[in-house]
1. Check L129, L105 and return the single one that is farther than 22 Å from G59 by Cα and either of a type in the set (D, E) or in contact with a helix residue (DSSP H, G or I) (Cβ under 7 Å, 6 or more places away or on another chain) (or both).
2. Under 29 Å from A219 (Cα atoms) and either open to solvent by less than 20 Å² (accessible area, probe 1.4 Å) or acidic (D, E) (or both): which single residue out of V63, V81 fits that description?
3. Which one is least open to solvent (accessible area, probe 1.4 Å), of the residues in the range 308-334 that are under 21 Å from D208 (Cα atoms) and not in a helix (DSSP H, G or I)?
4. Condition first: open to solvent by less than 50 Å² (accessible area, probe 1.4 Å) and more than 27 Å from I90 (Cβ to Cβ). Can you find one or more residues in the range 144-154 that meet it?
5. Among the residues of the range 97-119, how many are out of contact with any Phe, Trp or Tyr (no Cβ under 6 Å at 6 or more places or on another chain), closer than 22 Å to V163 by Cα and either surrounded by fewer than 14 Cβ atoms within 10 Å (Cβ to Cβ) or not β-branched (V, I, T) (or both)?
6. If we scan the range 60-82, do we find a residue that is touching a Phe, Trp or Tyr at 6+ places or on another chain (Cβ under 6 Å), free of Cβ contacts under 8 Å to residues at least 60 places away in the same chain and of a type outside the set (F, W, Y)?
7. Of F128, F149, which residue is assigned to a helix (DSSP H, G or I) and closer than 14 Å to M55 by Cα?
8. When the residues of the range 372-383 are filtered to those that are surrounded by 12 or more Cβ atoms within 10 Å (Cβ to Cβ) and farther than 14 Å from K411 by Cβ, which remaining residue is farthest from the chain's Cα centre (by Cα)?
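The values are calculated or read from the model by the stated rules, or taken from the named source; none is laboratory data. These numbers were taken from a predicted model, which means no experiment stands behind them. Neighbour counts run over all protein chains shown; Cβ positions are idealised from the backbone, glycine included. In case anyone asks, the SASA skips ligands and DNA or RNA and just uses the protein heavy atoms, side chains included. Shrake-Rupley method; radii C 1.70, N 1.55, O 1.52, S 1.80 Å.
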Amino acid sequence: MMEQLSLFTQETDLNAPLASRLRPQTLDDYIGQEHLVGPGRMLRQMLQTDRISSMIFWGPPGVGKTTLARIIANMTHSSFVDFSAVTSGIKEIKDVMKQAESDRLSGLKTMVFVDEIHRFNKAQQDAFLPYVEKGSIILIGATTENPSFEINSALLSRCKVFVLHPLTVTDLCHLLHHALTDKRGLGNTTIHIEERLVNAIAAFSNGDARTALNTLDMAVLNGEMQPDGSIIVKEEILEQCTGSKMLLYDRNGEEHYNLISALHKSMRNSDPDAAIYWLARMLEAGEDPLYVARRLVRFASEDIGMADSQALQIAVSAYQACHFNGMPECNVNLTHAVVYLSMAPKSNALYVGYERAKEDAKRMLAEPVPLQIRNGVTELMQSLHYGEGYQYAHDTDEKLTAMTCLPDSLKDRTYYQPGRQGYEAAVSKRLEQVKAFRAKR
């Protein structure tokens, strides 16, 4: 399936989805991706100097990949051909390429946009290659998957990859207010909606502009019509439209920190039921799952540490799963990690040890590294006794030496004091043996 649009085709049908009616026509109307299209940024400069080449837009759904491609086509005065990787075959590709080559000879540029380009197989991707090489087309591919793995290396090497980020809550609130006032959107009707509900829609949408606009459109369509023709959108209507309670809280406000604190302390107290509840409270309120996952990674070392080093691997794996799956699928991945961390043996010895060392490090930043553990890699260093007296642990039967590795002023300091929970009990026993060995020597 392919769609060829004239240069300034605009979707103004009031029956079209709200996202289509409000699709920006210029960069000035485009919301988000400031790192690419903000003043002085690379993509904007490429457009302003008309130095557009083939490119890949990589990012999650609803962040403006298709919209940006259409804006580029308008700014470069190109014929815009829209492919769907789901329904287009090699025959359709070759037909368009033939027309594009003819247009090129007539001085007309053709921009080919391929949504979900990662769904094209190798043969389909290869069909674009010769036309990209000789400049018959400017190819813009959009993908939610890592292009390094999903795009043929030959094609990828001829395309610039731009990473698009999820829209922020601020971006989405701006977009929703625009939708409520623009005549192409909902601006022909007076709509009463509380600011907290606009924020709730933005948080619920998880960085996806299409989801945000569709949710707003559905809430307005199901709002309470007033005698004067205005519409009131209430919280109950929004809950029905989203299929979930609007557990409203500001991601940057007090409740945000209260909830993450509740999750941490429930896991620390080995209470999986409470931990799952607070996790659900955060996710269902629209919290970024990657934020939660990052906090779990910290918790794994701060509150469990050497008592169960597998906890850190579980937490990191949960972060990766959130990145791959997104919401709502990653909720069970986070639950997996939260329960594991709740039930793991606890130790804060790593946290306490670092804090102790930090205080000494801040007070004694100039303490010299002992000569015996300096690396004497030059003759001058060796003449200054760098590395002199170094004892190589692997040369001993015990794999231990009595060599001191702390500065003389700190040689008796103890930072790491292992607990007795889980595997750390074995670590504690081993450390006692090491210290006893050194004390004898």
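1. Being farther than 22 Å from G59 by Cα and either of a type in the set (D, E) or in contact with a helix residue (DSSP H, G or I) (Cβ under 7 Å, 6 or more places away or on another chain) (or both) holds for just one of L129, L105, which is L129.
2. Of the residues listed, the single one that is under 29 Å from A219 (Cα atoms) and either open to solvent by less than 20 Å² (accessible area, probe 1.4 Å) or acidic (D, E) (or both) is V63.
3. Filtering first and then ranking leaves C330.
4. no
5. Counting residues in the range 97-119 that are out of contact with any Phe, Trp or Tyr (no Cβ under 6 Å at 6 or more places or on another chain), closer than 22 Å to V163 by Cα and either surrounded by fewer than 14 Cβ atoms within 10 Å (Cβ to Cβ) or not β-branched (V, I, T) (or both) gives 5.
6. The answer is no, given that none of the residues of the range 60-82 is touching a Phe, Trp or Tyr at 6+ places or on another chain (Cβ under 6 Å), free of Cβ contacts under 8 Å to residues at least 60 places away in the same chain and of a type outside the set (F, W, Y).
7. Exactly one of F128, F149 is assigned to a helix (DSSP H, G or I) and closer than 14 Å to M55 by Cα, namely F128.
8. Filtering first and then ranking leaves Q382.
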